[in-house]
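Worksheet: the structure to be examined is printed underneath.
Read-outs: derived from the displayed coordinates by stated rules, not from any lab. Quantities reported herein were computed from a predicted structural model and do not represent experimental measurements. In this analysis, Cβ positions are derived from the backbone assuming ideal geometry, glycine residues included, and neighbour counts consider all displayed protein chains.
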Amino acid sequence: MRMHIARAVILVAAVSLVACATPDAVVTGKIKAQMLADDTVRSAGLEVDTQDGVVTITGTVQTQEAKDTALRMARETSGVKDVVDMIAVRISERLGDAPEPDRTVGDRIDDAAITIRVKNQLLEDPVVEGTKIDVDTRNGVVYLTGWVRSQEVKDKAIELAKNTRGVLDVQANITVSTS
C-alpha cells in the first residue's frame with residue numbers, strides 16, 4: 001500500500017513540476033494538437049511559438065478559412081494571453097485564381113538562403129542582438145520573432161532585414177524588453 005502511495009505522490013509531483021516549469025511548451029503542444037486534428041488546418045504546416053503566454057503563429061496557408069481557424073484555436077486555448085498573427089494567405093487564393101502549387105525545392109532553397117543572409121546581417125551588426133531574434137522566411141517574406149533591449153535595436157533589425165537581397169517583405173514580432 002505504501003508503495004502505491006509513494007508512486008502516486010511521485011507522479012503528482014512530476015506532473016506538477018512539468019506543468020509549472022513549461023507552461024509555454026504545454027500551450028504550444030495543445031495548439032499544435034488541435035491543428036493536427038482539424039482537417040482545415042492540418043496540412044498547413046504552421047509554426048507555433050509561445051513566450052510568456054503570447055502565442056505567435058507563422059507560416060502560409062491556402063485559404064482564409066484555414067487562417068481564421070488556426071487563430072481561433074489558439075485564442076480559445078487555456079493559458080493563452082494573446083495571439084500574434086503572422087500567417088500569410090497565398091496571394092492566388094486572395095485574388096480568386098487557381099490555387100498556387102506547393103513550393104518547389106528551389107523555392108525552399110531560396111527561402112533558406114534569404115534566412116541565412118538576414119541572420120548573418122543581424123549577427124554582424126554591432127547594434128542588433130541577432131542571437132535573440134528568430135528568422136523564418138516563407139515565399140520571400142521574412143518573419144522576425146524575438147526580444148530586444150530597445151526600440152533602436154528593433155528598428156535596426158527590421159531595416160537590415162528589409163535591405164537584404166531577396167526579401168519581399170518583413171513581418172516583425174519583436175518585443176522590446178529592458179529586463
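Hey, can you grab everything whose amide H is under 5 Å from the amide H of residue 51? Only 5+ residues off in sequence or another chain; H modelled, so Pro and N-termini drop out.
56
7 Å from Cα along Cα→Cβ at both residue 64 and residue 176: what's the point-to-point distance in nm?
The modelled label-to-label distance comes out at 3.4 nm.
Do any of 30/156; 30/162; 30/119; 81/119; 32/81 go past 26 Å between their Cα atoms, and which?
30/156; 30/162; 30/119; 81/119, as the Cα separations exceed 26 Å there.
Check residue 171: other-chain or 5+ apart residues with amide H under 5 Å from its amide H, H built from backbone geometry?
Long-range HN contacts for residue 171: 142, 143, 144.
With labels modelled as points extended 7 Å from the Cα through the Cβ direction, what inter-label distance (nm, one decimal) is found for residue 54 paired with residue 76?
2.5 nm
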